[in-house]
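Inspection log for the structure reproduced underneath, given as structure tokens.
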Amino acid sequence: MFWHGSNRRFRLPADWSVRRLSVLKRDGFQCVTLLRDTGARCTAPATDVDHIVPGDDHDPANLQSLCRWHHARKSSAEGAAARRRRVSRQRPADRHPGEL
């Protein structure tokens, strides 16, 4: 399950289901992602409400409706970016004794 090991659900406001439904209605229950090749809006039905700017800003202006595919793609990209930002715990490679 996607929520396993996450505290995200506990950080959502008590009225999340109302906000979620409101955003889905606002966006016509359709994914709001614009396709790269045509610039047209994705025609898939929205299944997820996502934070535009990651974090805990649950204002409707920071929420968007996405289809499952676009939501998974965005979440994956955000996770990869977060992993790249982590400081490496690996010890730097020792220089060769003959190097100056």
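The values are calculated or read from the model by the stated rules, or taken from the named source; none is laboratory data. Since we're looking at a predicted model, the values are computed, not measured. Don't worry about glycine lacking a Cβ; one is built from the backbone with ideal geometry, like all the others, and counts go over all protein chains shown. Note: areas computed on protein heavy atoms with side chains; ligands, DNA, RNA excluded. Shrake-Rupley method; radii C 1.70, N 1.55, O 1.52, S 1.80 Å.
Just a few scattered comments:
- The chain: calculated mean residue ellipticity at 222 nm from DSSP helix runs of at least 4, using -39500 (n - 2.57): -10000 deg cm²/dmol
- When the charge dipole of the chain is built from unit charges on Cβ atoms (+1 for Lys and Arg, -1 for Asp and Glu) and taken about the Cα centre, the candidate among PRO92, PRO45, ALA72 whose Cα reaches farthest toward its positive end is PRO92.
- Averaged over residues, the count of other Cβ atoms within 10 Å places the peptides 15-23, 76-84 in the sequence 15-23, 76-84, highest first.
- Tilt relative to the chain, helix 68-85 - C-alpha long axis, 0 to 90 degrees, to 10: 30
- Expressed per residue, the C-alpha convex hull volume of the chain stands at 181 Å³.
- GNM flexibility winner over the chain from ARG73, ARG26, ARG86 (Cα, springs under 10 Å): ARG86
- Placing unit charges on the Cβ atoms only, positive for Lys and Arg and negative for Asp and Glu, gives the chain a dipole magnitude near 260 debye about its Cα centre.
- Candidate residues HIS96, HIS70: accessible-area rank, largest first, probe 1.4 Å: HIS96, HIS70
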